[in-house]
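The values are calculated or read from the model by the stated rules, or taken from the named source; none is laboratory data. This structure is a prediction, so every number in the text was calculated from the model and none was measured. Here the Cβ is made from the backbone with ideal geometry for all residues, glycine too, and neighbour counts use every protein chain on show.
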Amino acid sequence: MPSNLEERPYKLYRAGPRGLKSLLRGEEESGLPGPEQLRRDGRRGPRRPRIGRGKITPLRVLKWLAIAIVGWLLLSVILFVISAQIETGNLPSSASDALSSGGNMLFSANNILILGTDQRPSGSKEPGANTSDAGSRSDTIMLWRVGGGVSRRLSIPRDTLVNIPGHGTTKINAAYAYGGPALAIKTVEQFTGVKVNHVIVVNLAAFPPFIDAIGGITVTTGRVCSDISGGAKNGGWSLYLSPGSHHLNGIQALVYARTRENRCNPSDSDLTRVQHQQQILNGIKSQLLSPSTFFRLPWASWDAPKVLRTDMGGLTLLSLFAASEIGGSAPVQVLPTTPAGGSSLQASPGAIQASVNKLLNG
(Lines give C-alpha, C1' and ligand atoms only; values in the text may rest on other atoms or scores of the structure.)
Protein backbone atom coordinates (compact mmCIF):
# COMPACT_ATOMS: atom_id res chain seq x y z
CA MET A 1 0.00 0.00 0.00
CA PRO A 2 1.22 3.45 -0.62
CA SER A 3 2.62 5.31 2.33
CA ASN A 4 1.21 8.73 3.18
CA LEU A 5 4.73 9.85 4.01
CA GLU A 6 6.41 8.70 0.82
CA GLU A 7 3.79 8.69 -1.94
CA ARG A 8 0.39 10.20 -2.46
CA PRO A 9 -2.42 8.04 -3.99
CA TYR A 10 -3.34 10.89 -6.41
CA LYS A 11 -1.78 13.24 -8.94
CA LEU A 12 -1.31 16.93 -8.33
CA TYR A 13 -2.72 19.32 -10.96
CA ARG A 14 -2.40 23.09 -11.14
CA ALA A 15 -5.74 24.82 -10.69
CA GLY A 16 -6.97 27.37 -13.23
CA PRO A 17 -6.11 30.99 -12.52
CA ARG A 18 -8.27 32.98 -10.17
CA GLY A 19 -10.44 35.78 -11.50
CA LEU A 20 -8.94 39.11 -12.61
CA LYS A 21 -10.09 40.92 -9.46
CA SER A 22 -8.43 38.30 -7.24
CA LEU A 23 -5.17 38.58 -9.10
CA LEU A 24 -5.26 42.37 -8.94
CA ARG A 25 -5.76 42.13 -5.18
CA GLY A 26 -2.61 39.99 -5.00
CA GLU A 27 -4.29 36.83 -3.79
CA GLU A 28 -2.08 33.76 -4.14
CA GLU A 29 -3.32 30.38 -5.28
CA SER A 30 -3.08 28.43 -2.03
CA GLY A 31 -0.71 25.51 -2.01
CA LEU A 32 0.55 26.12 -5.54
CA PRO A 33 3.76 27.66 -6.73
CA GLY A 34 3.39 31.30 -7.70
CA PRO A 35 4.41 32.75 -11.06
CA GLU A 36 7.81 33.60 -9.62
CA GLN A 37 8.35 29.91 -8.83
CA LEU A 38 6.97 28.23 -11.94
CA ARG A 39 8.62 28.89 -15.30
CA ARG A 40 6.93 28.56 -18.66
CA ASP A 41 8.55 25.16 -19.25
CA GLY A 42 6.93 23.79 -16.06
CA ARG A 43 10.13 23.71 -14.05
CA ARG A 44 10.51 25.44 -10.76
CA GLY A 45 12.79 28.35 -10.26
CA PRO A 46 12.88 32.13 -10.81
CA ARG A 47 10.84 33.34 -13.76
CA ARG A 48 12.64 35.39 -16.40
CA PRO A 49 11.22 38.88 -16.73
CA ARG A 50 9.72 39.94 -20.04
CA ILE A 51 11.99 42.47 -21.66
CA GLY A 52 10.69 45.61 -23.42
CA ARG A 53 6.97 44.81 -23.41
CA GLY A 54 4.99 47.83 -22.21
CA LYS A 55 8.13 49.76 -21.37
CA ILE A 56 8.54 53.33 -22.72
CA THR A 57 11.90 53.75 -24.44
CA PRO A 58 13.37 56.65 -26.48
CA LEU A 59 13.29 54.47 -29.62
CA ARG A 60 9.62 53.68 -29.08
CA VAL A 61 8.83 57.40 -28.56
CA LEU A 62 10.64 58.30 -31.80
CA LYS A 63 8.76 55.57 -33.65
CA TRP A 64 5.34 56.88 -32.62
CA LEU A 65 6.42 60.47 -33.26
CA ALA A 66 7.46 59.53 -36.80
CA ILE A 67 4.12 57.79 -37.38
CA ALA A 68 2.27 60.90 -36.13
CA ILE A 69 4.27 63.20 -38.43
CA VAL A 70 3.67 61.00 -41.48
CA GLY A 71 -0.04 60.82 -40.65
CA TRP A 72 -0.27 64.61 -40.27
CA LEU A 73 1.46 65.13 -43.62
CA LEU A 74 -0.71 62.53 -45.32
CA LEU A 75 -3.86 64.22 -43.99
CA SER A 76 -2.61 67.57 -45.34
CA VAL A 77 -1.89 66.09 -48.77
CA ILE A 78 -5.32 64.47 -48.97
CA LEU A 79 -7.08 67.71 -47.99
CA PHE A 80 -5.03 69.66 -50.53
CA VAL A 81 -5.78 67.25 -53.38
CA ILE A 82 -9.52 67.20 -52.59
CA SER A 83 -9.71 70.99 -52.32
CA ALA A 84 -7.71 71.45 -55.54
CA GLN A 85 -9.96 69.04 -57.46
CA ILE A 86 -13.02 70.97 -56.29
CA GLU A 87 -11.52 74.26 -57.51
CA THR A 88 -10.27 72.91 -60.89
CA GLY A 89 -13.67 73.37 -62.54
CA ASN A 90 -13.65 77.14 -61.90
CA LEU A 91 -11.30 77.86 -64.81
CA PRO A 92 -13.03 78.48 -68.18
CA SER A 93 -12.52 75.67 -70.68
CA SER A 94 -11.36 78.25 -73.23
CA ALA A 95 -8.31 78.92 -71.04
CA SER A 96 -7.43 75.22 -70.83
CA ASP A 97 -7.81 74.92 -74.62
CA ALA A 98 -5.35 77.80 -75.15
CA LEU A 99 -2.53 76.01 -73.28
CA SER A 100 0.27 73.91 -74.76
CA SER A 101 1.01 70.49 -73.30
CA GLY A 102 3.93 70.19 -70.88
CA GLY A 103 5.86 67.37 -69.24
CA ASN A 104 6.13 66.26 -65.62
CA MET A 105 7.55 69.19 -63.67
CA LEU A 106 9.71 66.95 -61.51
CA PHE A 107 11.76 66.09 -64.60
CA SER A 108 11.21 68.83 -67.18
CA ALA A 109 10.67 72.60 -67.15
CA ASN A 110 7.19 74.03 -67.76
CA ASN A 111 6.10 77.61 -68.40
CA ILE A 112 3.36 78.80 -66.05
CA LEU A 113 1.51 82.08 -66.50
CA ILE A 114 0.46 83.66 -63.18
CA LEU A 115 -2.26 86.29 -63.40
CA GLY A 116 -3.34 88.34 -60.38
CA THR A 117 -6.58 90.21 -60.99
CA ASP A 118 -7.63 93.58 -59.58
CA GLN A 119 -10.93 92.17 -58.34
CA ARG A 120 -11.81 93.67 -54.97
CA PRO A 121 -13.71 92.09 -52.08
CA SER A 122 -17.48 92.48 -52.07
CA GLY A 123 -18.40 95.67 -50.23
CA SER A 124 -15.13 97.44 -51.08
CA LYS A 125 -15.31 101.22 -50.64
CA GLU A 126 -12.57 101.85 -53.19
CA PRO A 127 -13.82 104.18 -55.96
CA GLY A 128 -14.29 102.31 -59.24
CA ALA A 129 -13.49 98.95 -57.61
CA ASN A 130 -14.50 95.88 -59.61
CA THR A 131 -15.93 93.25 -57.28
CA SER A 132 -16.49 90.57 -59.96
CA ASP A 133 -14.07 88.64 -62.15
CA ALA A 134 -15.84 89.71 -65.33
CA GLY A 135 -14.14 92.84 -66.62
CA SER A 136 -11.28 92.65 -64.12
CA ARG A 137 -7.80 93.50 -65.29
CA SER A 138 -4.62 91.61 -64.46
CA ASP A 139 -2.56 93.62 -61.98
CA THR A 140 0.03 90.83 -61.91
CA ILE A 141 1.42 89.15 -65.03
CA MET A 142 4.25 86.75 -64.41
CA LEU A 143 5.87 83.92 -66.36
CA TRP A 144 7.32 81.19 -64.16
CA ARG A 145 9.63 78.60 -65.68
CA VAL A 146 9.82 75.77 -63.19
CA GLY A 147 10.70 72.08 -63.19
CA GLY A 148 13.65 69.83 -63.86
CA GLY A 149 15.72 71.61 -61.22
CA VAL A 150 15.12 75.20 -62.41
CA SER A 151 12.95 78.01 -61.08
CA ARG A 152 13.00 81.40 -62.84
CA ARG A 153 10.37 84.11 -63.06
CA LEU A 154 9.77 87.10 -65.32
CA SER A 155 7.26 89.81 -64.41
CA ILE A 156 5.67 91.92 -67.14
CA PRO A 157 4.51 95.38 -65.94
CA ARG A 158 0.76 95.67 -66.34
CA ASP A 159 0.99 99.02 -68.21
CA THR A 160 3.23 97.61 -70.97
CA LEU A 161 1.86 98.33 -74.43
CA VAL A 162 1.24 95.20 -76.54
CA ASN A 163 -0.88 94.07 -79.44
CA ILE A 164 -3.93 92.26 -78.03
CA PRO A 165 -5.42 89.95 -80.70
CA GLY A 166 -8.63 91.51 -81.99
CA HIS A 167 -8.25 94.69 -79.94
CA GLY A 168 -5.16 96.48 -81.25
CA THR A 169 -2.36 98.05 -79.22
CA THR A 170 -3.13 98.79 -75.60
CA LYS A 171 -1.94 97.95 -72.09
CA ILE A 172 -1.33 94.25 -71.54
CA ASN A 173 -3.53 94.11 -68.43
CA ALA A 174 -6.58 94.82 -70.59
CA ALA A 175 -6.34 91.41 -72.27
CA TYR A 176 -7.92 89.74 -69.22
CA ALA A 177 -10.76 92.27 -69.19
CA TYR A 178 -11.45 91.73 -72.89
CA GLY A 179 -11.30 87.95 -73.03
CA GLY A 180 -10.47 86.46 -69.66
CA PRO A 181 -7.52 84.13 -69.06
CA ALA A 182 -7.71 82.63 -72.56
CA LEU A 183 -7.00 85.96 -74.28
CA ALA A 184 -4.37 86.82 -71.66
CA ILE A 185 -2.55 83.56 -72.51
CA LYS A 186 -2.64 84.27 -76.26
CA THR A 187 -1.45 87.87 -75.72
CA VAL A 188 1.51 86.87 -73.54
CA GLU A 189 2.53 84.10 -75.95
CA GLN A 190 2.40 86.49 -78.90
CA PHE A 191 4.30 89.19 -77.00
CA THR A 192 7.11 86.98 -75.63
CA GLY A 193 7.16 83.98 -77.97
CA VAL A 194 6.96 81.70 -74.92
CA LYS A 195 4.46 78.82 -75.04
CA VAL A 196 2.36 78.62 -71.87
CA ASN A 197 1.82 75.13 -70.40
CA HIS A 198 -0.26 76.03 -67.33
CA VAL A 199 -2.09 79.05 -65.98
CA ILE A 200 -2.81 80.19 -62.43
CA VAL A 201 -5.31 82.99 -61.83
CA VAL A 202 -4.92 84.49 -58.36
CA ASN A 203 -7.60 86.61 -56.77
CA LEU A 204 -5.53 88.99 -54.65
CA ALA A 205 -8.60 89.76 -52.54
CA ALA A 206 -8.61 86.11 -51.38
CA PHE A 207 -4.95 86.18 -50.39
CA PRO A 208 -5.28 87.48 -46.79
CA PRO A 209 -7.12 84.41 -45.37
CA PHE A 210 -4.55 82.06 -46.89
CA ILE A 211 -1.55 84.05 -45.65
CA ASP A 212 -3.13 84.22 -42.20
CA ALA A 213 -3.71 80.44 -42.33
CA ILE A 214 0.03 79.81 -42.76
CA GLY A 215 0.94 82.25 -39.99
CA GLY A 216 1.95 85.27 -42.10
CA ILE A 217 5.06 85.81 -44.21
CA THR A 218 8.41 87.52 -43.72
CA VAL A 219 9.77 90.01 -46.27
CA THR A 220 12.59 92.54 -46.28
CA THR A 221 11.51 96.02 -47.33
CA GLY A 222 12.69 99.56 -47.58
CA ARG A 223 10.76 102.36 -45.91
CA VAL A 224 7.08 102.09 -46.84
CA CYS A 225 4.39 104.74 -46.35
CA SER A 226 1.40 103.46 -48.28
CA ASP A 227 -2.26 104.49 -48.21
CA ILE A 228 -4.57 102.63 -50.58
CA SER A 229 -8.18 103.68 -51.28
CA GLY A 230 -7.82 106.71 -49.03
CA GLY A 231 -6.01 104.89 -46.25
CA ALA A 232 -7.37 103.29 -43.11
CA LYS A 233 -8.96 106.56 -41.93
CA ASN A 234 -11.22 106.60 -44.99
CA GLY A 235 -12.15 102.92 -45.13
CA GLY A 236 -9.12 101.85 -47.15
CA TRP A 237 -5.82 100.30 -46.11
CA SER A 238 -2.56 101.72 -44.76
CA LEU A 239 0.89 100.21 -44.36
CA TYR A 240 3.85 101.90 -42.68
CA LEU A 241 7.14 99.99 -42.44
CA SER A 242 10.69 100.94 -41.49
CA PRO A 243 13.59 99.49 -43.48
CA GLY A 244 14.33 95.89 -42.52
CA SER A 245 12.69 92.50 -42.12
CA HIS A 246 8.97 92.35 -41.28
CA HIS A 247 6.49 89.57 -40.59
CA LEU A 248 3.27 90.56 -42.36
CA ASN A 249 -0.25 89.28 -41.85
CA GLY A 250 -2.64 88.73 -44.74
CA ILE A 251 -3.96 92.29 -45.07
CA GLN A 252 -0.47 93.80 -44.72
CA ALA A 253 0.88 91.47 -47.42
CA LEU A 254 -1.98 92.42 -49.75
CA VAL A 255 -1.33 96.15 -49.25
CA TYR A 256 2.39 95.62 -49.85
CA ALA A 257 1.58 93.69 -53.05
CA ARG A 258 -0.59 96.56 -54.30
CA THR A 259 1.68 99.45 -53.31
CA ARG A 260 3.12 101.44 -56.18
CA GLU A 261 2.85 104.96 -54.73
CA ASN A 262 5.10 105.23 -51.70
CA ARG A 263 5.25 108.64 -50.03
CA CYS A 264 8.48 107.68 -48.25
CA ASN A 265 10.11 106.72 -51.56
CA PRO A 266 8.79 108.68 -54.57
CA SER A 267 10.85 106.50 -56.93
CA ASP A 268 8.58 103.51 -56.25
CA SER A 269 6.35 102.66 -59.21
CA ASP A 270 4.56 99.81 -60.91
CA LEU A 271 7.99 98.24 -61.50
CA THR A 272 8.76 98.09 -57.78
CA ARG A 273 5.27 96.75 -57.15
CA VAL A 274 5.91 93.64 -59.26
CA GLN A 275 9.10 93.14 -57.24
CA HIS A 276 6.98 93.27 -54.08
CA GLN A 277 4.73 90.59 -55.54
CA GLN A 278 7.67 88.31 -56.28
CA GLN A 279 8.93 88.88 -52.73
CA ILE A 280 5.56 87.77 -51.41
CA LEU A 281 5.67 84.57 -53.47
CA ASN A 282 9.11 83.76 -52.09
CA GLY A 283 7.88 84.62 -48.59
CA ILE A 284 4.92 82.23 -48.93
CA LYS A 285 7.23 79.45 -50.08
CA SER A 286 9.59 79.99 -47.13
CA GLN A 287 6.72 80.10 -44.65
CA LEU A 288 5.21 76.86 -45.98
CA LEU A 289 8.47 75.09 -45.15
CA SER A 290 8.84 76.58 -41.67
CA PRO A 291 8.29 74.46 -38.52
CA SER A 292 5.53 76.78 -37.27
CA THR A 293 3.43 76.10 -40.37
CA PHE A 294 3.62 72.34 -39.80
CA PHE A 295 0.99 72.58 -37.06
CA ARG A 296 -1.29 74.62 -39.36
CA LEU A 297 -0.66 72.47 -42.42
CA PRO A 298 -4.07 70.76 -42.81
CA TRP A 299 -5.90 74.11 -42.64
CA ALA A 300 -3.42 75.78 -45.02
CA SER A 301 -3.64 72.80 -47.40
CA TRP A 302 -7.42 73.13 -47.55
CA ASP A 303 -7.37 76.93 -48.02
CA ALA A 304 -4.52 77.17 -50.55
CA PRO A 305 -6.41 76.02 -53.69
CA LYS A 306 -9.26 78.42 -52.91
CA VAL A 307 -7.16 81.50 -53.67
CA LEU A 308 -6.44 80.41 -57.24
CA ARG A 309 -8.03 79.04 -60.39
CA THR A 310 -5.93 76.78 -62.53
CA ASP A 311 -5.98 74.00 -65.09
CA MET A 312 -3.82 71.92 -62.75
CA GLY A 313 -5.37 69.28 -60.52
CA GLY A 314 -4.19 68.42 -57.03
CA LEU A 315 -1.43 66.00 -58.00
CA THR A 316 -0.03 68.36 -60.66
CA LEU A 317 0.00 71.21 -58.15
CA LEU A 318 1.88 68.99 -55.71
CA SER A 319 4.48 68.30 -58.39
CA LEU A 320 4.69 72.08 -58.98
CA PHE A 321 5.42 72.75 -55.31
CA ALA A 322 7.98 69.95 -55.21
CA ALA A 323 9.64 71.25 -58.38
CA SER A 324 9.76 74.80 -57.00
CA GLU A 325 11.47 73.53 -53.84
CA ILE A 326 14.03 71.61 -55.89
CA GLY A 327 14.63 74.66 -58.11
CA GLY A 328 15.14 77.04 -55.15
CA SER A 329 13.89 80.60 -54.68
CA ALA A 330 13.56 82.37 -57.99
CA PRO A 331 15.40 85.70 -58.32
CA VAL A 332 13.34 88.81 -59.03
CA GLN A 333 13.33 89.67 -62.74
CA VAL A 334 11.22 92.41 -64.31
CA LEU A 335 10.95 93.13 -68.02
CA PRO A 336 12.81 96.43 -68.67
CA THR A 337 10.51 99.14 -70.04
CA THR A 338 10.58 102.84 -70.83
CA PRO A 339 7.81 105.49 -70.56
CA ALA A 340 5.53 105.66 -73.58
CA GLY A 341 3.34 108.63 -72.67
CA GLY A 342 0.89 108.93 -69.82
CA SER A 343 1.04 105.85 -67.61
CA SER A 344 1.91 103.52 -70.49
CA LEU A 345 5.21 101.68 -70.83
CA GLN A 346 6.94 100.08 -73.78
CA ALA A 347 9.54 97.33 -74.10
CA SER A 348 12.02 97.19 -76.96
CA PRO A 349 12.37 93.98 -79.00
CA GLY A 350 15.93 93.63 -77.68
CA ALA A 351 14.80 93.91 -74.05
CA ILE A 352 12.06 91.32 -74.65
CA GLN A 353 14.46 88.89 -76.31
CA ALA A 354 17.11 89.25 -73.59
CA SER A 355 14.57 88.80 -70.78
CA VAL A 356 12.97 85.77 -72.39
CA ASN A 357 16.37 84.18 -73.05
CA LYS A 358 17.28 84.64 -69.37
CA LEU A 359 13.94 83.12 -68.34
CA LEU A 360 14.37 80.06 -70.56
CA ASN A 361 18.11 79.49 -70.32
CA GLY A 362 19.26 81.25 -67.17
Check your understanding: Got a sec? Which of Gly250, Gly236, Gly149, Gly222 is on the phi > 0 side of the Ramachandran plot and of a type outside the set (A, V, I, L, M)?
Key -> Gly149
Practice item. Could you pull out the residue among Asp139, Asp227 that is on the phi < 0 side of the Ramachandran plot and either without any contact (Cβ under 8 Å) to a residue 60 or more places away in the chain or assigned to a loop (DSSP other than H, G, I, E, B) (or both)? Key: Asp227
Exercise for review: Collect the residues in the stretch 295-348 that are touching an Asp or Glu at 6+ places or on another chain (Cβ under 9 Å), among the basic types (Lys, Arg) and at pLDDT 85 or above, keeping them in residue-number order.
Suggested key: Arg309
Study note, to complete from the structure: Listed by first then second residue, the pairs whose first member lies in the stretch 289-317 and is within 28 Å of Ala182 (Cβ to Cβ), whose partner is assigned to a loop (DSSP other than H, G, I, E, B), with beta carbons under 8 Å and at least 6 positions apart or on separate chains, are Arg309/Asn90; Arg309/Leu91; Thr310/Leu91; Asp311/Leu91; Asp311/Leu99; Thr316/Met105
Exercise for review: Can you give me the ranges of the helices (runs of 4 or more DSSP H) entirely in the stretch 235-311 with at least 3 residues that are within 24 Å of Leu74 (Cα to Cα) and in contact with a strand residue (DSSP E or B) (Cβ under 8 Å, 6 or more places away or on another chain)?
Suggested key: 270-288
Practice item. Just need a number here: residues in the stretch 173-198 that are over 11 Å from Ser138 (Cβ atoms) and not in a helix (DSSP H, G or I). Key: 6
Review point. Just checking, which of Thr259, Thr187 is among the hydroxyl-bearing types (Ser, Thr, Tyr), touching a Pro at 6+ places or on another chain (Cβ under 7 Å) and crowded, with 19+ Cβ neighbours inside 10 Å?
Key: Thr187
Practice item. Within the stretch 317-352, track down each residue that is loosely packed, with under 13 Cβ neighbours inside 10 Å and not small (Gly, Ala, Ser). Key: Pro331, Thr338, Pro339, Pro349
